[in-house]
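**Student:** First the structure, then my questions, so here it is.
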Amino acid sequence: MNLWEAAATVLIFGLLPCGVLLFRNRIEDRLVGLEMAGVVEVMLLMLLAQALGNSVYFDLALALAFMMFGGNLVFARFLESWM
Amino acid sequence: MSLFIHLLVWFAVALTLLCCAALLIMRTPIERLHYMAPVSTFAVLAVTIAIACETRFNQAAVKSILILVIISLTNSVLAHATARAFRIRNSGSWQPKADEHMNDLTRKE
């Protein structure tokens, strides 16, 4: 196991608090947990892409960064009055 | 150089884990929202610098820099939009009311 794989393995545990927030009763907490999970997942993909040694896998992190922004923005907009 | 890369990566991982743990400790959603900022800026920056140092600025480093720029910019907009949504959801409007004070805002939530 190299540095990048070890770091990615440890970083996975960062998703646990985000998951706990997603099961809480307040919808605002769930959105914050979702947003944080998205950023952690982008970092995870970057570390895994470097671990696998193929720069093509960075495209996954790039796509997730874009999609995460759009998706969370839609959730925030709906949170104002429709949910 | 190898030690520097190790330090950067583990700094990013430790900072991310600390901020994720802080999400559980904080009481209000607005307070939790603040802990996204270090992860989306410093942690991603540290990983980007580590990748750039290891790969000597090839395609992977350029893509990492692009990801860093996107995450840093979009997360600030997202945090603002999210806080605004919380405010509108709780108060009906994002604008402050005439009889509202800053101390009341923190106590209400």
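**Student:** Find the residue count for the stretch B:59-72, including only residues that are within 9 Å of chain A (Cβ to nearest Cβ) and within 11 Å of the chain's Cα centre (by Cα).
**Tutor:** 1
**Student:** If we scan the stretch B:56-66, do we find a residue that is aromatic (Phe, Trp, Tyr) and closer than 27 Å to B:Arg87 by Cβ?
**Tutor:** Checked the stretch B:56-66: no residue is aromatic (Phe, Trp, Tyr) and closer than 27 Å to B:Arg87 by Cβ.
**Student:** All but one of (1) open to solvent by 50 Å² or more (accessible area, probe 1.4 Å); (2) under 14 Å from the mean Cα position of the chain (by Cα) hold for A:Phe75; state the number of the condition that does not hold.
**Tutor:** Failing condition for A:Phe75: (2).
**Student:** Kindly provide the set of residues from the stretch B:47-58 that are more than 9 Å from chain A (Cβ to nearest Cβ) and either among the aromatic types (Phe, Trp, Tyr) or crowded, with 23+ Cβ neighbours inside 10 Å (or both), ordered by number.
**Tutor:** Going through the stretch B:47-58, the residues more than 9 Å from chain A (Cβ to nearest Cβ) turn out to be B:49, B:52-53, B:56-57.
B:Phe57 - this is the single residue of the stretch B:47-58 that is more than 9 Å from chain A (Cβ to nearest Cβ) and either among the aromatic types (Phe, Trp, Tyr) or crowded, with 23+ Cβ neighbours inside 10 Å (or both).
**Student:** Could you list, in sequence order, the residues of the stretch A:33-56 that are without any contact (Cβ under 8 Å) to a residue 24 or more places away in the chain and buried (at least 18 other Cβ atoms within 10 Å of the Cβ)? Spell out the reasoning first.
**Tutor:** The initial filter retains those residues of the stretch A:33-56 that are without any contact (Cβ under 8 Å) to a residue 24 or more places away in the chain, namely A:33, A:36-37, A:45-46, A:49, A:52-56.
Selection gives A:Gly33, A:Met36, A:Ala37, A:Leu45, A:Met46, A:Ala49, A:Ser55.
Results for (1) open to solvent by 70 Å² or more (accessible area, probe 1.4 Å); (2) within 8 Å of chain A (Cβ to nearest Cβ); (3) over 12 Å from the mean Cα position of the chain (by Cα), shown as yes or no for each residue.
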{"residue": "B:Met1", "(1), (2), (3)": "yes, no, yes"}
{"residue": "B:Phe11", "(1), (2), (3)": "yes, no, yes"}
{"residue": "B:Leu15", "(1), (2), (3)": "no, no, no"}
{"residue": "B:Ala21", "(1), (2), (3)": "no, yes, yes"}
{"residue": "B:Ile25", "(1), (2), (3)": "yes, no, yes"}
{"residue": "B:Thr28", "(1), (2), (3)": "no, no, yes"}
{"residue": "B:Leu33", "(1), (2), (3)": "no, yes, no"}
{"residue": "B:Val39", "(1), (2), (3)": "no, yes, no"}
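**Student:** Please find, within the stretch B:80-104, the residue that is farthest from the chain's Cα centre (by Cα) out of those that are touching a residue at least 24 places away in the same chain (Cβ under 8 Å) and at the interface with chain A (Cβ under 8 Å from one of its Cβ atoms).
**Tutor:** Going through the qualifying residues, I end up with B:Phe86.
**Student:** Would you confirm whether any residue within the stretch A:10-32 is in contact (Cβ under 8 Å) with a residue 40 or more places away in the chain, at the interface with another protein chain (Cβ under 7 Å from one of its Cβ atoms), open to solvent by less than 20 Å² (accessible area, probe 1.4 Å) and closer than 23 Å to B:Leu45 by Cβ?
**Tutor:** no
**Student:** Please determine whether any residue of the stretch B:76-91 is under 18 Å from A:Glu41 (Cβ atoms) and touching a Phe, Trp or Tyr at 6+ places or on another chain (Cβ under 8 Å).
**Tutor:** yes
The values are calculated or read from the model by the stated rules, or taken from the named source; none is laboratory data. Fair warning: this is a prediction, and the values are worked out from it, not measured in the lab. Please note: Cβ atoms are built from the backbone with ideal geometry, for glycine as well, and neighbour counts cover all protein chains shown. These accessible areas exclude ligands, DNA and RNA; they are computed on the full protein's heavy atoms, side chains included. Shrake-Rupley method; radii C 1.70, N 1.55, O 1.52, S 1.80 Å.
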